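Visitor: Please find one structure pasted underneath; my questions will follow.
The values are calculated or read from the model by the stated rules, or taken from the named source; none is laboratory data. Here the structure is a predicted model, which means the values were calculated and not measured. Glycine also receives a Cβ, built like all others from the backbone with ideal geometry; neighbour counts cover every protein chain displayed.
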Amino acid sequence: MSNQYYPVYLDLRGKPCVVIGGGEIGERKVEGLVESSAEVTLISPDVTQRLQELAQAGRITWHARQYQQGDLQGAFLAIAATDARDVNQVIAAEAQGEKVVLNVVDDAPLCSFIAPSIVKRGEVTLAISTGGSSPALARKLKETIQDSDLLRYADLAGVLSKARSLIKQRGMVVDADRWQEGITESLIDLVDSGRSEEALNVLMSFLQDGPEGAVGSEAVSQVTGPLS
């Protein structure tokens, strides 16, 4: 039986993260951390062209050498992307001693967390994991979801976020089932055709007309202000 991992999304803004290994896998890991606004330190004697560019631009700190004991001191998270298991074992031992959460690529027994397959569309991120039992299955599910029309619902994230803020501002109470009923393909069509403001107005009117939506609210005839 595989480990029962606890799924979580981490806020890495400004947090020190260390990546050991500068190949293609290390590049993907670094880019993901940079996108999350982490403070990234890369340790590797050789790195890809993209990683060199990130270092030259000051977006990461690169130490052009092999891993050394003590490199994880002060780190919040670390990723070992080397192909040397003996080195990974030393990194894992240090991570445990320093209480640093660690991912060792393709070596789940050495990990304190595993990285899921990711599907992103706009503001929506889907994480897929098989608990380390079958990375191939996780990748297959990722590819299937990426090609699915269901992912179009992710395009509504901006409209739904704005509506949620307006609901709170107006002291409205909207039942969870009413929210679900309001998320429709017609709203998707409006957003995809560049009519996000109209989609917001349609949704707000629908939510207010519900059995609980009118509590503490005023009539919605036109919602002003651009969506962000």
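Visitor: Looking at D83, D71, which one is among the charged types (D, E, K, R) and closer than 11 Å to V19 by Cα?
Guide: After ruling out the rest, the residue left standing is D71.
Visitor: Just one of A78, A95, A55 is small (G, A, S), touching a strand residue (DSSP E or B) at 6+ places or on another chain (Cβ under 6 Å) and in a strand (DSSP E or B); which is it?
Guide: A78
Visitor: Can I ask one more? Do we find that T125 is within 14 Å of I20 (Cβ to Cβ), touching a strand residue (DSSP E or B) at 6+ places or on another chain (Cβ under 9 Å) and either at pLDDT 95 or above or not assigned by TED's automatic domain parsing to the domain that holds A157 (or both) in this structure?
Guide: no
Visitor: Now for a different question. Could you grab me the full set of residues in the stretch 121-171 that are over 23 Å from R195 (Cα atoms) and touching a residue at least 40 places away in the same chain (Cβ under 8 Å)?
Guide: Result: T125, A127, S129, T130, G131, G132, S133, R170, G171.
Visitor: On to the next question. Checking V40 against (1) touching a residue at least 60 places away in the same chain (Cβ under 8 Å); (2) touching a helix residue (DSSP H, G or I) at 6+ places or on another chain (Cβ under 7 Å), only one condition comes out false. Which one?
Guide: V40 satisfies all of (1) touching a residue at least 60 places away in the same chain (Cβ under 8 Å); (2) touching a helix residue (DSSP H, G or I) at 6+ places or on another chain (Cβ under 7 Å) except (1).
Visitor: Further question on the same structure: What's the total number of residues in the stretch 34-52 that are part of a helix (DSSP H, G or I) and crowded, with 22+ Cβ neighbours inside 10 Å?
Guide: Of the residues in that region, 1 qualify.
Visitor: Among the listed residues V119, V104, V90, which satisfies the condition of being surrounded by 14 or more Cβ atoms within 10 Å (Cβ to Cβ), in contact with a Cys (Cβ under 7 Å, 6 or more places away or on another chain) and either among the aromatic types (F, W, Y) or under 30 Å from C17 (Cβ atoms) (or both)?
Guide: V104
Visitor: Considering only the stretch 173-195, state which residues are touching a Leu at 6+ places or on another chain (Cβ under 7 Å) and surrounded by 19 or more Cβ atoms within 10 Å (Cβ to Cβ).
Guide: Across the stretch 173-195, the qualifying residues are V174, G182, L187, V191.
Visitor: Pairs please, first residue from the stretch 72-98 and closer than 17 Å to E27 by Cα, second anywhere and of a type in the set (K, R), Cβ atoms under 6 Å, 6+ apart in sequence or on different chains.
Guide: Every condition considered, the pairs that remain are I79/K29; A81/K29.
Visitor: Pull up the stretch 9-32, narrow it to residues that are in contact (Cβ under 8 Å) with a residue 60 or more places away in the chain and among the β-branched types (V, I, T), then point me to the one that is nearest to S133 (Cα to Cα).
Guide: Per the criteria, the residue is I25.
Visitor: Another question, if that's okay. Give me the pairs, please: first residue somewhere in the stretch 99-115 and of a type in the set (A, V, I, L, M, F, W, C), second residue anywhere and surrounded by fewer than 19 Cβ atoms within 10 Å (Cβ to Cβ) and assigned to a strand (DSSP E or B), beta-carbon distance under 7 Å, and either six or more positions apart or on two chains.
Guide: F113/V101
Visitor: Mind counting the residues in the stretch 9-28 that are buried (at least 22 other Cβ atoms within 10 Å of the Cβ) and either in a helix (DSSP H, G or I) or of a type in the set (V, I, T) (or both)?
Guide: Residues meeting the conditions: 4.
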